[in-house]
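First the structure, in the form of structure tokens, and then the observations on it.
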Amino acid sequence: MKALRTTSCLCVCILAAAGAALRASASEPAGADKANRLVIHADRGRDTINRNIYGHFAEHLGRCIYEGFWVGEDSNIPNVRGIRKDVVEALRGIAIPVLRWPGGCFADEYHWMDGIGPRSARIPIVNTHWGMVTETNHFGTHEFLDLCEQLGCEPYICGNVGSGTVQEMQQWVEYITNDGQSPMTALRRQNGREKPWRVRYWGVGNENWGCGGNMRPEYYADQYRRYATYLRNFSGNRLFKIACGANGFDFRWTDVLMREAARLMDGLSLHYYCGSGRRSRSATKFGEEDWFAQLQRALRIDELVTSHCRIMDRYDPKKRIALIVDEWGAWHAVEPDTNPGFLYQQNSLRDALVAGLTLNIFNNHCDRVRMANIAQTVNVLQAMILTDKEKMILTPTYHVFEMYKVHHDAMLLPTELACADYAFGRDRIPSLNVSASRDKAGRIHLSLCNLDPNRPQTVACELRGDKASKVSGRVLTHEAMTAHNTFENPQVVKPAAFDGAKIAENGLTVDVPAKSVVVLTIE
Ligand code: AHR
């Protein structure tokens, strides 16, 4: 079966003509599978893919902050002011653009003043959301902002609405960003930081429909308006205020928030976890049924983003307000013999496909989606990095983020895709998923995911409005769909050079291996 898909918001007007346009394309490259046709509109770029779509999230949860980032200054693990060097270096390798902290559910129970001042004097608390373990408060505001400076990324702080106060959040902003004289700035200086930091992204609560207070959207909208009023711009620091958004398919939440509070927000968030397999929730022990179920659910983020954007368009047709998908990813069962409250899971080739297709979808919605934060950076859920004390490995998801770096701040090129379906039982999903962009040097980058674990796909790719003379690329794949990296074998899944793309008369032909992520550079 052949399905036609446009993969850019620009393409609405092209849609009707798209079938005809694809059929009329001249000179289909030899050997191309007739079902797979891709048009890249190289001359129709309009929107920029905000690099923050490649953002991350780090919560005080399990071993994400403690051990994942923070080992303390006295640790044997090499560190800079307590922050581990290997992790920072690895994350610099994917040009991490923005990091959200301190939660998650933890954010609505976090009182920032517990985490400032001499570490030896900070009072431990109980992390009630995540395993009831002791939270030492050794990693607080100063340590987080130092981490962001070491990573070279923007901080995104999520404030406490659920159990906090307007005054507490207002003072946090002032403590961090004010250069003037006030009790908060005096406190900051006393704690060793003379100059303020620049923090732009500020979240007003997390999941306030659930762990952040079980609020109704009408109530939260009023709370948001109240909090947003007192979050001030100090000393030239302009806050970008992000309201708590919907849980997945809760469209009423978005509608009420946009109706009642759009005027006071710069961004509205959205959370979507695509779960795990159907039969097995194991991250590494699963069959094709689970592979299919997981990718089918991951693809639903396209319809989800489209529907939330449609609501936002009604209230904000000029798209001033960004949709911020500040938690997304796969959620498997925890690894055997680990604390269920720590959400530590392995990460396989299937997770790489989840990342690849989701990032393609965000790219294709970049007119409204201007930040996203995969959950979570180290040792929690769909992580980039796993650590075991001093050891560290990179996951297949990390490699996708590294390969997709080429899309950061590039111009989205609209695409039209007609492709074969990948069928399993009675269900079917498109086998291919793509996005394309042009970077500042004029090169075109095309990322393709083949979700079918059994069949390679040959794609005839027409480059409209440009000519290709050279193509190179990399691929991430493996014979086993459950392939993953371990501390014993850390290089099982890693990118390799790709020679399956050839220049054709009006574009190129690409042989996309089964179960793979391919990124091409076209010059
Ligand atoms: O990422 C783990 C948790 O998932 C977060 O704390 C919460 O916001 C979400 O439900």
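Taking every residue in the stretch 299-324 that is more than 28 Å from Cys449 (Cβ to Cβ) and pairing it with any residue that is open to solvent by 20 Å² or more (accessible area, probe 1.4 Å) and assigned to a loop (DSSP other than H, G, I, E, B), at least 6 positions away or on another chain, the pairs with Cβ-Cβ distances below 8 Å are Arg320/Asp266; Ile321/Asp266. If you go through the stretch 240-273 and pick out every residue that is within 16 Å of Asn373 (Cβ to Cβ), within 16 Å of the ligand (Cβ to nearest atom) and open to solvent by 30 Å² or more (accessible area, probe 1.4 Å), you end up with 2. Taking the criterion of being within 19 Å of Cys309 (Cα to Cα) and either open to solvent by 30 Å² or more (accessible area, probe 1.4 Å) or among the aliphatic types (A, V, I, L, M) (or both), the only residue of the stretch 208-239 that qualifies is Ala221. Residues in the stretch 46-64 that are open to solvent by 10 Å² or more (accessible area, probe 1.4 Å), within 14 Å of the ligand (Cβ to nearest atom) and of a type outside the set (D, E, K, R): Gly62 only.
For first residues located in the stretch 113-125 and farther than 22 Å from Val173 by Cβ, partners that are of a type in the set (Val, Ile, Thr) and lie 6+ apart or on another chain with Cβ distances below 7 Å form the pairs Pro124/Thr134; Pro124/Thr136. In the stretch 464-523, counting only strands (runs of 3 or more DSSP E) that sit wholly within it, the ones holding 2 or more residues that are over 30 Å from Glu390 (Cβ atoms) and touching a Phe, Trp or Tyr at 6+ places or on another chain (Cβ under 6 Å) span 471-476.
For the condition open to solvent by less than 10 Å² (accessible area, probe 1.4 Å), within 16 Å of the ligand (Cβ to nearest atom) and under 29 Å from the mean Cα position of the chain (by Cα), Val199 does not qualify. Here Arg300 meets each of (1) in a loop (DSSP other than H, G, I, E, B); (2) among the basic types (Lys, Arg); (3) within 27 Å of His56 (Cβ to Cβ) with one exception, condition (1).
Hey, could you check the stretch 98-115 for residues that are part of a loop (DSSP other than H, G, I, E, B) and buried (at least 22 other Cβ atoms within 10 Å of the Cβ) and say which is nearest to the ligand (Cβ to nearest atom)? My answer is Gly104.
Residues in the stretch 78-97 that are buried (at least 18 other Cβ atoms within 10 Å of the Cβ) and in a loop (DSSP other than H, G, I, E, B): Gly82, Ile94, Ile96, Pro97.
Can you find, within the stretch 482-496, the residue that is farthest from the chain's Cα centre (by Cα) among those that are open to solvent by 40 Å² or more (accessible area, probe 1.4 Å) and touching a residue at least 24 places away in the same chain (Cβ under 8 Å)? Filtering the stretch 482-496 for residues that are open to solvent by 40 Å² or more (accessible area, probe 1.4 Å) and touching a residue at least 24 places away in the same chain (Cβ under 8 Å), the one farthest from the chain's Cα centre (by Cα) comes out as Phe487. The requirement of being part of a loop (DSSP other than H, G, I, E, B), at pLDDT 95 or above and crowded, with 19+ Cβ neighbours inside 10 Å is fulfilled nowhere in the stretch 288-295; no residue meets it. Could you check the stretch 116-130 and list, in sequence order, the residues that are more than 16 Å from the ligand (Cβ to nearest atom) and either more than 23 Å from Asn339 (Cβ to Cβ) or touching a helix residue (DSSP H, G or I) at 6+ places or on another chain (Cβ under 8 Å) (or both)? Hits for the stretch 116-130 are Ile116, Gly117, Pro118, Arg119, Ser120, Ala121, Arg122, Ile123, Ile125. Scanning the stretch 328-370 for residues that are under 21 Å from Leu476 (Cα atoms), within 16 Å of the ligand (Cβ to nearest atom) and among the β-branched types (Val, Ile, Thr) gives Val354, Thr358. Can you name the residue in the stretch 330-379 that is touching a Lys or Arg at 6+ places or on another chain (Cβ under 7 Å) and assigned to a loop (DSSP other than H, G, I, E, B) and, of all such residues, is nearest to Gly45 (Cα to Cα)? Per the criteria, the residue is Asp367. Apart from one condition, Ser75 fits all of (1) in contact (Cβ under 8 Å) with a residue 40 or more places away in the chain; (2) more than 16 Å from the ligand (Cβ to nearest atom); (3) small (Gly, Ala, Ser); (4) out of contact with any His (no Cβ under 8 Å at 6 or more places or on another chain); the exception is (1). Here Ser447 clears all of (1) of a type in the set (Ser, Thr, Tyr); (2) touching a Ser or Thr at 6+ places or on another chain (Cβ under 6 Å); (3) farther than 19 Å from Glu523 by Cβ except the condition numbered (3).
Counting only residues that are closer than 21 Å to Trp101 by Cβ and in contact with a Lys or Arg (Cβ under 6 Å, 6 or more places away or on another chain), which one in the stretch 299-329 is surrounded by the most Cβ atoms within 10 Å (Cβ to Cβ)? Restricting to residues being closer than 21 Å to Trp101 by Cβ and in contact with a Lys or Arg (Cβ under 6 Å, 6 or more places away or on another chain), the top hit is Asp326. All of (1) part of a helix (DSSP H, G or I); (2) within 16 Å of the ligand (Cβ to nearest atom); (3) touching a strand residue (DSSP E or B) at 6+ places or on another chain (Cβ under 6 Å) hold for Thr397 with one exception: (3).
The values are calculated or read from the model by the stated rules, or taken from the named source; none is laboratory data. Just so it is clear, the structure is predicted and the values come from calculations on it, not from any experiment. For neighbour counting, all protein chains shown are included, and Cβ atoms are generated from backbone atoms with ideal geometry for every residue, glycine included. Protein only, heavy atoms only, side chains kept; ligands, DNA and RNA dropped before computing areas. Shrake-Rupley method; radii C 1.70, N 1.55, O 1.52, S 1.80 Å.
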